[in-house]
Amino acid sequence: MERLDDNPLYNLAEFPEFDRIRPEHAVPALRAHIANAEKAVAALEAGCEPTWDGRIDALRSATHPLWRAWGVVSHLISVCNSKQWREAEETLLPEVIAFSIRVSQSDPLYKSLLALRDSPEFDSLDAGRKRVVENSLRDARNSGVGLEAGAREEFNACIEKLSKLGMKFTNNVLDATKAFSIMLCDRAETDGLPPTLLEACAQSAREAGEAGASAEDGPWRVTLEHAVYGPFMQYSERRDLREKLYRANVTRAAEGETDNCSIIVDILALRRKLAIMVGYEDYAGMSLASKMAEKADAVYDMIDMIGDAAMPKAREEMQTLLEFAHARGFNEARLSNWDQAYWSRRQVEELYGYSPENLRPYFQFAKVLDGLFELAGKLAGIKVESADGIAPVWHKDVRFFRVLGDDRETIAWLYLDPYSRPESKRGGAWMNDLQTRGKMPDGTVKLPIALIACNQAFPAGGKPSCMTPGEINTLFHEFGHVTQHVLTKVDIPQASGINNIEWDAVEVASQFLENWSMRPEVLKALSSHVDTGAKLDDAILERIHNSEKHMAATQTARQLSFALMDMDLHTKYPSDEFKTPGDAAKAATDRFAVTPPLPEDRFLCSFSHIFAGGYAAGYYSYMWSDVLAADAFGAFEEAGLDNPGSIASLGRRYADTILALGGSRKPMEVFKAFRGREPDPTALLRQKGLA
Ligand code: ZN
């Protein structure tokens with residue numbers, strides 16, 4: 001047994017020793033952290049001053065080493081997943097949750113929090129600290145602190161079951177995704193597929209044992225992995241294969257060993273029970289209590305308002321697409337679900353004269369990154385420079401950066417894990433915080449440490465990794481979160497960076513930056529052809545920009561259908577109207593899907609956002625944030641996007657309000673501080689061409 005002293009997860013450095021941390025460190029380190037935290041919490045319970053320092057800060061100090069180590073474990077599970085890491089997680093999760101519940105339900109700690117709120121000191125706290133105290137009280141009540149002993153046991157049993165079910169849901173989706181593949185052996189089956197996709201499929205075939213597989217000669221393994229499924233549906237000319245893949249995708253995790261159907265029913269019942277136990281009418285009430293929208297009605301109003309604008313336009317878009325397809329040899333009466341992405345892509349190519357795949361050679365990952373950092377400099381005055389080698393990393397491809405502020409002082413650090421590793425790394429892209437800014441009692445400041453993970457194509461054939469405009473958009477999104485995390489001016493870690501921001505407002509900074517990524521002048525600056533260094537010409541840039549509105553109403557309607565089924569599942573199910581979860585899904589697609597889903601569609605079985613992510617009664621948050629982000633971007637449009645002076649001064653105001661204040665104020669106050677008024681939802685409609 002290794003000594004705890006040598007355990008890099010126990011003695012966690014400022015920059016964790018990612019090159020040394022292994023799954024076998026996790027259980028001993030986390031158990032020791034839990035024991036330490038337990039001891040420190042017990043001491044606080046025995047008597048603590050009902051003051052900010054004595055109660056709030058002291059509790060953070062008591063538990064912070066544990067939460068930081070657990071954050072590192074969760075991170076490694078996302079980027080270095082293995083059987084060993086999964087086992088460590090399964091062992092630790094119940095213990096970590098038990099500790100977390102024990103703290104959140106501590107009567108003495110709750111009483112000292114109440115005493116703080118009612119003390120003279122409370123009135124003298126600044127707005128950020130007051131907000132932290134009030135949110136802590138709300139969270140404690142939602143954690144069941146007020147329950148009698150028997151009810152509390154029942155409440156806790158529900159929480160434990162929910163966490164296990166969420167984990168099972170995720171693993172079922174992962175396993176079901178891995179279980180399906182089609183091996184293509186005939187060149188004709190790959191008609192239409194772009195070279196990057198052929199390479200990805202050949203690589204997948206090699207990993208599945210076809211050692212000699214190549215992009216040119218196959219065989220090619222097609223899977224339901226996000227990076228394969230999406231492009232395949234857009235590019236494959238083989239309608240039969242698209243149908244096969246589509247059907248497999250919408251019935252994922254819906255039968256056999258990976259069946260999520262009954263898990264969904266159990267999760268929803270448990271959530272409802274929890275919410276009712278702590279005094280809400282339904283789970284949406286509990287979820288929205290800590291969100292900017294506050295009430296379900298506000299969410300339904302937004303869905304109605306945007307839905308009313310989007311639906312007539314969405315039907316028009318689909319009719320135009322059908323006519324487009326008919327004119328090009330499509331001879332069915334209507335477009336099936338597996339035809340839409342394909343014909344929509346052909347329509348974009350014809351209307352706007354480009355294909356994202358053909359643009360890929362213009363956008364080298366490293367150059368795009370440079371351009372993104374430069375834009376962040378213009379907008380927010382920061383400088384991001386390479387700091388590779390300063391901090392240990394978990395994989396040789398991971399980059400490390402230093403973020404410099406106005407006076408060229410270091411204000412933050414950033415890890416970037418760029419490439420796809422399907423066997424061990426989660427799909428998609430995400431941002432995470434590994435450390436939050438905070439002023440320590442001795443006056444020193446802990447700097448924010450942020451992290452971006454993406455799934456870019458691995459550089460192959462001696463060429464750098466290149467990106468499509470869509471992938472650039474995703475990178476901008478994640479970096480938008482980073483800007484908010486690193487540009488915070490808040491000194492208390494409880495409300496600095498992305499902490500303490502309402503879930504439905506936390507996507508504002510990310511979606512705001514997305515708005516920049518498709519601007520012609522921005523894309524031009526990012527472009528540099530991989531062979532010639534040439535920039536994209538203005539005509540194409542203009543067309544890319546215009547194509548942003550292509551099928552925008554249909555996309556919006558799709559998002560609204562997810563938002564609506566999520567809200568209905570957490571407010572109106574079970575009821576006469578919705579006897580099964582599937583009824584809520586059907587009602588949402590009846591209203592918002594122009595082409596109805598197949599009868600056997602089991603989309604809910606892989607809707608991880610709401611069943612295994614944090615988006616339960618919160619999927620609407622994307623659009624809610626989008627409304628705010630579009631209106632924030634509107635301020636720049638009004639001032640003139642070609643005016644560097646106004647961009648710099650507005651950018652400074654944006655940095656000083658939305659980015660700097662983070663979770664220290666209510667999001668409405670933060671927004672008004674930037675825009676001078678409440679958000680105007682028509683900005684989003686205009687941006688999407690719906691108004
Ligand atoms: Zn985001």
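Worth a mention:
- Within the option set Arg399, Arg334, being surrounded by fewer than 19 Cβ atoms within 10 Å (Cβ to Cβ), under 23 Å from Cys466 (Cα atoms) and touching a Leu at 6+ places or on another chain (Cβ under 7 Å) holds for one residue only, Arg399.
- Residue match in the range 267-274 (condition: surrounded by 19 or more Cβ atoms within 10 Å (Cβ to Cβ) and of a type in the set (Gly, Ala, Ser)): no
- Qualifying residue in the range 95-111 (condition: in contact with a Pro (Cβ under 9 Å, 6 or more places away or on another chain), modelled with pLDDT of 95 or more, part of a helix (DSSP H, G or I) and over 30 Å from Gly209 (Cα atoms)): yes
- For first residues located in the range 480-496 and within 25 Å of Ala630 (Cβ to Cβ) and away from the ligand (no atom under 16 Å from the Cβ), partners that are outside any helix (DSSP H, G or I) and polar (S, T, N, Q) and lie 6+ apart or on another chain with Cβ distances below 7 Å form the pairs Thr488/Ser496.
- Per-region count, the range 131-157, residues in a helix (DSSP H, G or I) and either of a type in the set (Ser, Thr, Tyr) or surrounded by 18 or more Cβ atoms within 10 Å (Cβ to Cβ) (or both): 8
- Once the range 424-440 is narrowed to residues that are within 19 Å of the chain's Cα centre (by Cα) and away from the ligand (no atom under 14 Å from the Cβ), the residue that is farthest from Cys454 (Cα to Cα) is Thr436.
- Number of the condition not met by Gly329 [criteria: (1) surrounded by 15 or more Cβ atoms within 10 Å (Cβ to Cβ); (2) closer than 16 Å to Ser236 by Cα; (3) at pLDDT 95 or above]: (1)
- Complete set of residues in the range 83-130 that are hydrophobic (A, V, I, L, M, F, W, C) and farther than 19 Å from His33 by Cα: Leu109, Leu113, Leu114, Ala115, Leu116, Phe122, Leu125, Ala127
- Residue check, Ala525 crowded, with 16+ Cβ neighbours inside 10 Å, small (Gly, Ala, Ser), within 16 Å of the ligand (Cβ to nearest atom) and in a helix (DSSP H, G or I): no
- Among the conditions (1) closer than 30 Å to Lys295 by Cβ; (2) in contact with a Pro (Cβ under 9 Å, 6 or more places away or on another chain), the only one that Glu507 does not satisfy is (2).
- Enumeration of residues in the range 447-479 that are more than 16 Å from the ligand (Cβ to nearest atom) and under 19 Å from Ala380 (Cα atoms): Leu447, Pro448, Ile449
- Scanning the range 116-146 for residues that are farther than 25 Å from Ile276 by Cα and among the polar types (S, T, N, Q) turns up Ser119, Ser124.
- Meets criteria (under 24 Å from Glu349 (Cα atoms) and within 26 Å of the chain's Cα centre (by Cα)) for Ala227: yes
- The range 506-522 - residue that is assigned to a loop (DSSP other than H, G, I, E, B) and within 13 Å of the chain's Cα centre (by Cα) and, of those, nearest to the ligand (Cβ to nearest atom): Glu507
- When restricted to residues that are in contact with a Lys or Arg (Cβ under 9 Å, 6 or more places away or on another chain) and of a type in the set (Phe, Trp, Tyr), the range 172-228 contains 1.
- So Ala391, is it more than 16 Å from the ligand (Cβ to nearest atom), in contact (Cβ under 8 Å) with a residue 40 or more places away in the chain, more than 30 Å from Gly209 (Cβ to Cβ) and not in a loop (DSSP other than H, G, I, E, B): no
- Those residues of the range 538-573 which are at pLDDT 95 or above and β-branched (Val, Ile, Thr), in sequence order: Thr554, Thr556, Thr571
- Count of the range 289-308 residues which are surrounded by fewer than 19 Cβ atoms within 10 Å (Cβ to Cβ) and aliphatic (A, V, I, L, M): 3
- The set of residues in the range 358-370 being buried (at least 19 other Cβ atoms within 10 Å of the Cβ) and out of contact with any Cys (no Cβ under 8 Å at 6 or more places or on another chain) consists of Leu359, Lys367, Val368, Leu369.
- Against the test of being without any contact (Cβ under 8 Å) to a residue 12 or more places away in the chain and either under 27 Å from the mean Cα position of the chain (by Cα) or not in a helix (DSSP H, G or I) (or both), the options Gly279, Gly371, Gly307, Gly377 yield a single qualifying residue, Gly377.
- Meets criteria (within 16 Å of the ligand (Cβ to nearest atom), touching a strand residue (DSSP E or B) at 6+ places or on another chain (Cβ under 7 Å) and in a helix (DSSP H, G or I)) for Phe562: no
The values are calculated or read from the model by the stated rules, or taken from the named source; none is laboratory data. All values reported here derive from a predicted model rather than from experimental measurement. Cβ atoms come from the backbone with ideal geometry, glycine included; neighbour counts cover every protein chain shown.
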